[in-house]
Amino acid sequence: MKFNIAVIPGDGIGPEVIAETIRVLDYATKGTDVELNYTSYLAGGCAIDEVGKPLPEETVVGTKASDAVLLGAVGGEKWDTLGSDMRPENALLGLRGALGLFANLRPAVLFPQLSEACPLKPELVKDGLDILVLRELTGGIYFGEKDRDETSGYDTLKYSDYEIKRIAHVAFKAAMKRDKKVTSVDKANVLESSRVWRKYVEEVALDYPEVTLNHMYVDNAAMQLVRYPEQFDVIVTGNMFGDILSDEAAMITGSIGMLPSASLGDTTLGMYEPVHGSAPDIAGQELANPLATIMSAAMMLKYSLGQDDLANKIEKAVDKALTDGARTKDIALPGELTLTTTQMTDAVIANMEK
Ligand code: NAD
């Protein structure tokens with residue numbers, strides 16, 4: 001099977017972690033019937049430098065025609081002083097819009113080997129953590145009618161049946177591949193939009209009888225994430241609640257260099273990127289942890305390309321490398337031996353089953 005992958009290395013450590021990830025993908029697919037063809041596109045600061053705008057038309061056309069998009073990171077100080085329509089980050093918003101990506105999946109995984117990086121009490125995370133936070137990305141209060149005058153302002157929180165149903169389907173489908181449990185987070189004791197949210201999530205749940213659904217108010221969910229995080233499998237929620245809860249869940253895992261993400265739409269085409277930014281402070285120094293991007297590629301294999309076995313192979317190799325003690329600086333304890341970006345990738349490849 002041949003797949004076309006649009007690759008957007010971007011800025012800062014983006015090109016470094018993308019190059020390492022392609023090495024892992026090439027190794028994982030070697031000798032299999034899966035062939036990945038990569039085409040590189042510009043976006044972010046490097047696109048501003050080369051063609052004068054953060055998201056060139058060619059990138060939009062190329063990504064739309066691909067099977068999946070793998071992105072490093074965009075942005076950096078050099079472009080911070082440009083006007084708001086020339087910000088490198090506009091490339092991300094533009095791509096999400098152009099590709100119709102309405103679901104943001106952020107797994108917050110704490111590997112037991114790294115439990116000391118977790119700010120929670122050790123007994124709360126003794127078996128590690130594996131939560132998938134699913135955030136609605138293109139609706140809700142960030143996109144509702146808004147205005148302000150001298151002394152007041154308002155934002156509108158509105159969700160419609162089709163927006164809720166489509167994200168709920170993504171949540172239940174993801175749960176079917178995991179522990180078959182969905183927690184839908186809302187504020188239905190106060191908000192009408194949440195009552196509608198609940199109604200349609202329950203309707204979609206009927207299509208997935210194997211999955212257990214429970215509802216939780218957002219204030220309680222924020223508390224439960226630090227009180228008893230192991231109770232969660234898939235959390236599905238609206239745009240603003242998801243924005244906040246996904247950062248909280250990420251923090252529980254301790255390191256930003258370990259967190260992958262996926263943005264999905266109605267088709268199998270998705271965009272996969274690490275949660276971290278372009279980290280200009282460590283760019284070009286072989287200090288970047290490539291694991292967040294490598295695990296984003298594993299998500300790509302699973303969600304866009306339907307290659308669950310290859311994805312599992314990569315995830316297992318990361319797990320084994322960590323068990324072997326492979327650590328980049330960001331996840332090492334003081335005094336521990338650390339690996340460079342390239343060496344960490346080598347460790348993953350060395351631990352991959354053929
Ligand atoms: P950042 O995530 O780039 O860096 C925060 C801190 O984490 C830094 O100390 C950095 O060295 C460290 N870090 C990040 N990724 C790491 C990795 N893989 N390995 C080891 N250490 C890592 O966030 P920031 O400093 O706030 O932003 C830097 C630039 O990135 C800004 O221009 C920002 O706008 C942009 N940004 C882009 C994205 C994206 O492309 N999706 C996301 C966030 C920030």
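Residues in region 279-296 that are near the ligand (Cβ under 6 Å from one of its atoms) and in a helix (DSSP H, G or I): 292 alone.
Only residues that are open to solvent by 30 Å² or more (accessible area, probe 1.4 Å) and of a type in the set (A, V, I, L, M, F, W, C) were counted in region 143-172, giving 2. In region 292-301, is there at least one residue being open to solvent by 40 Å² or more (accessible area, probe 1.4 Å) and hydroxyl-bearing (Ser, Thr, Tyr)? Among the residues of region 292-301, not one is open to solvent by 40 Å² or more (accessible area, probe 1.4 Å) and hydroxyl-bearing (Ser, Thr, Tyr), which makes the answer no. Taking region 217-233 as the range and being touching an Asp or Glu at 6+ places or on another chain (Cβ under 8 Å) and not aromatic (Phe, Trp, Tyr) as the test, the residues that pass are 218, 222, 225, 226, 230, 233. Please find, within region 262-278, the residue that is nearest to the ligand (Cβ to nearest atom) out of those that are closer than 19 Å to residue 64 by Cα and either polar (S, T, N, Q) or within 8 Å of the chain's Cα centre (by Cα) (or both). So, considering only residues that are closer than 19 Å to residue 64 by Cα and either polar (S, T, N, Q) or within 8 Å of the chain's Cα centre (by Cα) (or both), the one nearest to the ligand (Cβ to nearest atom) is 273.
Total residues in region 73-104 satisfying the condition of being within 14 Å of the ligand (Cβ to nearest atom), within 25 Å of residue 245 (Cβ to Cβ), of a type outside the set (S, T, N, Q) and crowded, with 19+ Cβ neighbours inside 10 Å: the figure is 6. Number of residues in region 260-290 that are among the acidic types (Asp, Glu) and open to solvent by less than 60 Å² (accessible area, probe 1.4 Å): the value is 1. For residue 333, the conditions (1) aliphatic (A, V, I, L, M); (2) over 21 Å from the mean Cα position of the chain (by Cα); (3) modelled with pLDDT of 95 or more all hold with the exception of (3).
Scanning region 8-58 for residues that are away from the ligand (no atom under 14 Å from the Cβ) and polar (S, T, N, Q) turns up 29, 32, 37, 39, 40.
The values are calculated or read from the model by the stated rules, or taken from the named source; none is laboratory data. Everything quoted here is computed from the prediction, not taken from an experiment. Note: ideal-geometry Cβ built from the backbone for every residue, glycine included; neighbour counts use all protein chains shown. Heavy atoms of the whole protein, side chains included, go into the accessibility calculation; ligands, DNA and RNA do not. Shrake-Rupley method; radii C 1.70, N 1.55, O 1.52, S 1.80 Å.
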